[in-house]
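The values are calculated or read from the model by the stated rules, or taken from the named source; none is laboratory data. Just so you know, these numbers come straight off a predicted model, no measurement behind them. Cβ atoms come from the backbone with ideal geometry, glycine included; neighbour counts cover every protein chain shown.
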Amino acid sequence: MPYVFRVFFVTFLLGQVAHADPQSNSRFIAEQSVTPETLSITFEAFAPVLVQVVTYQLEQNGIILSDPESFANEISAEFEGAYLEELRAQTAALQLEVFTPEELEGIAAFYGTPAGQALVRNTPVLAARGQQVGEQIGVAALQDAGFRLADRMVTEGLSFTDDPVMGEKLLDLLQR
């Protein structure tokens, strides 16, 4: 398609999105920002936790799975579609509470631009890498917080157990 027609077409579409009512704008924004790709990253990140929760719940009911990971993957696939639609609906409703109609119009217009679509395309990558960075930073920060709390337990006499032996074990663990 020639450049002039593409510009006209994008301008026409942006005009349609940008002048929509607030409900339409909030639904459009939710569709652009809550995508199957982004949810996939989230589900992958929480898959180990999901497997543990599902396994525990089933074991509490006397059911032992031979392949809990496959079960968790299948149950996730079954509920992803409904989850996506409900999350989009709730996101759109929240946006109506938080943003003015003018702000929704501007955000919707942005998502209709090439830069907005680049953000939509790259959000899953940013989410995945952000999660990796967050995990790395979190492990280091938690260890540092443990060291600082151990120091405070000694200097300020903080105690979190009724049993002195358990208190010493906690202090030893935090100091590692």
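Each row is one residue, and each column tells you yes or no for (1) outside the structural domain of Q32 (by TED's automatic domain parsing); (2) outside any loop (DSSP other than H, G, I, E, B); (3) in contact with a strand residue (DSSP E or B) (Cβ under 7 Å, 6 or more places away or on another chain).
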| site | (1), (2), (3) |
| --- | --- |
| L65 | no, no, no |
| N73 | no, yes, no |
| F79 | no, yes, no |
| L87 | no, yes, no |
| A108 | no, yes, no |
| Q117 | yes, yes, no |
| Q136 | yes, yes, no |
| T161 | yes, no, no |
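Of the conditions (1) crowded, with 17+ Cβ neighbours inside 10 Å; (2) modelled with pLDDT of 95 or more, V98 clears all except one; give me its number.
For V98, the exception is condition (1).
With the checklist (1) more than 22 Å from the chain's Cα centre (by Cα); (2) surrounded by 14 or more Cβ atoms within 10 Å (Cβ to Cβ); (3) aliphatic (A, V, I, L, M) in hand, flag the one item I107 doesn't pass.
Result: I107 fails condition (1) only.
Going by the conditions given, is T100 in the same structural domain as Q32 (by TED's automatic domain parsing), touching a Pro at 6+ places or on another chain (Cβ under 9 Å), under 23 Å from V34 (Cβ atoms) and of a type in the set (S, T, Y)?
Yes: the conditions hold for T100.
Of the residues Q57, Q90, which single one is within 13 Å of R27 (Cα to Cα) and among the polar types (S, T, N, Q)?
Of Q57, Q90, the one residue that is within 13 Å of R27 (Cα to Cα) and among the polar types (S, T, N, Q) is Q90.
Do you know which of the residues in region 154-175 that are closer than 21 Å to D144 by Cβ and of a type in the set (S, T, N, Q) is surrounded by the most Cβ atoms within 10 Å (Cβ to Cβ)?
The selected residue is Q175.
How about region 41-57: which of its residues are among the aromatic types (F, W, Y) and free of Cβ contacts under 8 Å to residues at least 12 places away in the same chain?
Those that are among the aromatic types (F, W, Y) and free of Cβ contacts under 8 Å to residues at least 12 places away in the same chain: F46, Y56.
Just wondering, is there one or more residues in region 102-117 that are aromatic (F, W, Y) and touching a Phe, Trp or Tyr at 6+ places or on another chain (Cβ under 9 Å)?
yes
Of the residues G81, G62, which is modelled with pLDDT under 80, over 30 Å from Q136 (Cβ atoms) and not hydrophobic (A, V, I, L, M, F, W, C)?
G81
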